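This report refers to the structure that appears directly beneath it.
Every number here is computed from the coordinates shown, using simple stated rules; none is lab data. Just so it is clear, the model here is predicted, and its values are computed rather than measured.
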Amino acid sequence: MQTPEERRDDAVAAVIAAGGVVRGSQPMADPEDRHTVVAYRVLAGSPSARVRDAVEAVRAETETSLTGLLPWAPEYVEEVDEDESSNA
């Protein structure tokens, strides 16, 4: 089974191979665990109608349902003042 990153990379490669442009990707997480990426939303564009059709075909092949997923949130890491850490 592929990881979310491998699926994203495959989709990005397919979009580029079709002549499309990748405008970005957004990590998505399960609402129960906002700190673990389970999928990526890949934003793609196309310079022409022909390429748009090819990019749509890529989307149809690689699309994963994002229903119920939320944007990923990094885990909170408490920042420590350097002066405090050197006094420990």
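Okay, here's what the table says:
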read-out: In sequence order, calculated HN-Hα J values of the range 7-21 (Karplus, 6.51, -1.76, 1.60; Hz; x Gly/Pro); value: 5, 4, 4, 5, 5, 4, 4, 5, 4, 5, 4, 7, x, x, 10
read-out: Amide H partners (placed H, <5 Å) of S46, local residues excluded; value: V21
read-out: Pairwise Cα inverse-distance average, inverted: Kirkwood Rh of the chain (Å); value: 15.0 Å
read-out: Percentage relative contact order, the chain, counting C-alpha pairs under 8 Å, at least six apart; value: 31 percent
read-out: Dimensionless Rg/Rh of the range 41-86 - Kirkwood Rh, Rg from C-alpha atoms; value: 1.39
read-out: Within the chain, helix-based [θ] at 222 nm, where runs of 4 or more DSSP H residues each add -39,500 (n - 2.57), nearest 500; value: -11500 deg cm²/dmol
read-out: Amide proton proximity set for A29, modelled H, under 5 Å, gap of 5+; value: V38, L70, W72
